[in-house]
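Where a number appears in this text, it was derived from the coordinates with a stated rule and is not lab data. Note that the structure is predicted; figures quoted are calculated from it, not measured. Glycine gets a Cβ as well: all are built from the backbone with ideal geometry, and neighbour counts include every protein chain shown.
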Amino acid sequence: GGSGADRLLGTTTVANTSSIDGGTGIDTVSATLINAGNAAVFKNFELLDLAGTANSGSLDVSQLVSSTVTGVVISGPSTGNYSLVNLIESTSGFNVNVTGSTPGSFLTLGFASASVSGSSDMLKYTFNNLAGTATDAGSITSQGIETIMISSGGLTTGNTLRIVDNAA
């Protein structure tokens, strides 16, 4: 991918013999491209785009051994329940960037290190609305996150986010 912010999106099957390197910068890869058999071929990606994720889907982020996932992007429709497990929260928190609506969808963020008894776990929700349009992020569940920050993208009404967390 080289330097800068690169995006690898789509639904094509990626062989486990491939080598896909996002390079330097903040790079995004579609979660629909990744599975247990090919996760190790994705290198230097920081964001997972969740558009198109399907019913009862799950991704163990620890399988992305050559990437450090610091956030997710909700850029468009996905359906049903989708789970990301073994996420690592950095000292600056974990980012959820909302650029497209996915009403009715349910996302579960499972953190390997979040603790209900802790005090420093942080989720940052940022609405990056296209053309000032209200956006629906759906319902997002996490466990053990004490601090939740929400940036509305400049809109004072209309954005929707349903948060479920036992420590917030």
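Under a point spin-label approximation (7 Å from Cα along Cα-to-Cβ), what is the Ser62-Ser151 distance to one decimal in nm?
3.1 nm
Under a Cβ-only charge scheme (Lys and Arg +1, Asp and Glu -1), can you give me the dipole magnitude of the chain about the Cα centre, in debye to the nearest 20?
Dipole of the chain, to the nearest 20 debye: 200 debye.
If I model a spin label at Ile26 and Ser90 as a point 7 Å from the Cα along the Cα→Cβ vector, what separation in nanometres do I get?
For the pair Ile26/Ser90, the computed spacing is 0.9 nm.
Which listed residue (Ile163, Gly37, Thr11) has the Cα farthest towards the positive end of the charge dipole for the chain, taking +1 on Lys and Arg C-beta and -1 on Asp and Glu C-beta about the Cα centre?
In the chain, that residue is Thr11.
R0 = 25 Å: FRET efficiency of Ala40 with Ser83, Cβ-based, nearest 0.05?
0.80
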